[in-house]
Amino acid sequence: MTSKDEQIDNLDAAMAKVAEGITPTRKKNTGSAPGEPAQKQVIVRVTDADHEIWKSSAEKSGMSMAEFIRLAVNDACVKAGDCQHPVESRKNYPWATFCLSCNKRLSG
């Protein structure tokens with residue numbers, strides 16, 4: 001017969017073994033100050049189809065769905081908020097995108 005302490009130790013060992021094969025998908029820093037978690041929560045209603053697409057895309061990108069959505073929304077904010085010039089007036093480089101009309105750096 002095993003004691004309760006032996007069962008707990010066995011569970012800890014089993015969980016440690018499982019954790020060895022798991023690849024974390026969440027970044028430690030979510031844009032907050034180093035060592036601090038994100039501070040605000042936004043709840044968004046989506047269809048089942050959208051949820052699955054976002055989840056699959058996040059997994060393929062190697063990140064959590066929350067981080068994937070944060071990056072997508074932040075990118076959309078940069079495009080919409082910083083410059084209202086048409087896409088044709090933008091110059092894309094591998095390191096950044098610039099607006100040729102207002103000379104703003106839009107990404108990167």
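Each reported figure results from applying straightforward, stated rules to the coordinates on display, with no laboratory input. On a predicted model such as this, the values are computed, not experimentally measured, just so you know. Every residue, glycine as well, gets a Cβ built from its backbone with ideal geometry; the counts of neighbours run over all protein chains shown.
Things worth noting here:
- Working from label points 7 Å from Cα in the Cα-to-Cβ sense, the Val73 to Trp95 distance is 3.1 nm.
- At R0 = 30 Å, FRET efficiency that the Cβ-Cβ distance of Thr23 and Lys104 yields, to 0.05: 0.20
- Order of Ile43, Ile69, Ile53, Ile22 - criterion: other Cβ atoms within 10 Å of each residue's Cβ, fewest first: Ile43, Ile22, Ile53, Ile69
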